[in-house]
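Report on the structure given below.
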Amino acid sequence: MTLHTRTFTTGRIRRADYDDTTQQLDLHRDDKTVLAYKQVPMEVFRRLCSAPNPTTYWEDRIAEEYPKGVAMGKGAGQGGSGGDSKAVRKFGDLFGGGD
């Protein structure tokens, strides 16, 4: 697995994680939720990272185009600060996919 991460300082999206092996994109939002998308080509991740407004790019090119998934690390026991697990739980509460 090769994980690529990009941090954003403005807009609703704060961080994007992309696994080029599984083609999964996780978007960490400013409200601590995580949106996960499957079957996302690497080029889409690259364009998101270089977009003048990543949130607008997500709305226009990703949100309705790719199937939703479960955030990376859910059930994988990533440990650490616990912040990610709270975000994953919040995502599950909003969009289903409970434990």
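Some observations on this one:
- When region 3-52 is filtered for residues that are under 18 Å from Glu65 (Cα atoms) and open to solvent by 70 Å² or more (accessible area, probe 1.4 Å), the ones remaining, listed by number, are Thr22, Gln23, Lys38, Gln39, Glu43, Arg46, Arg47.
- Of all residues in region 1-19, those satisfying the criterion of being in contact (Cβ under 8 Å) with a residue 12 or more places away in the chain, part of a strand (DSSP E or B) and either within 9 Å of the chain's Cα centre (by Cα) or over 11 Å from Val40 (Cβ atoms) (or both) are Leu3, His4, Thr5, Arg6, Ile13, Arg14, Arg15, Ala16, Asp17, Tyr18.
- Boolean, Phe91 is modelled with pLDDT under 95 and within 14 Å of the chain's Cα centre (by Cα): yes
- All of (1) among the β-branched types (Val, Ile, Thr); (2) part of a loop (DSSP other than H, G, I, E, B); (3) modelled with pLDDT under 90 hold for Thr22 with one exception: (3).
- For region 38-77, a residue qualifies if it is assigned to a loop (DSSP other than H, G, I, E, B) and of a type in the set (Gly, Ala, Ser), and the qualifying residues are Ala51, Ala63, Gly69, Ala71, Gly73, Gly75, Ala76, Gly77.
The values are calculated or read from the model by the stated rules, or taken from the named source; none is laboratory data. Predicted model only: the values in this text are computed from it and were never measured. We place every Cβ from the backbone using ideal geometry, glycine too, and count neighbours over all the protein chains shown. The accessibility values were calculated without ligands, DNA or RNA, using every heavy atom of the protein model including side chains. Shrake-Rupley method; radii C 1.70, N 1.55, O 1.52, S 1.80 Å.
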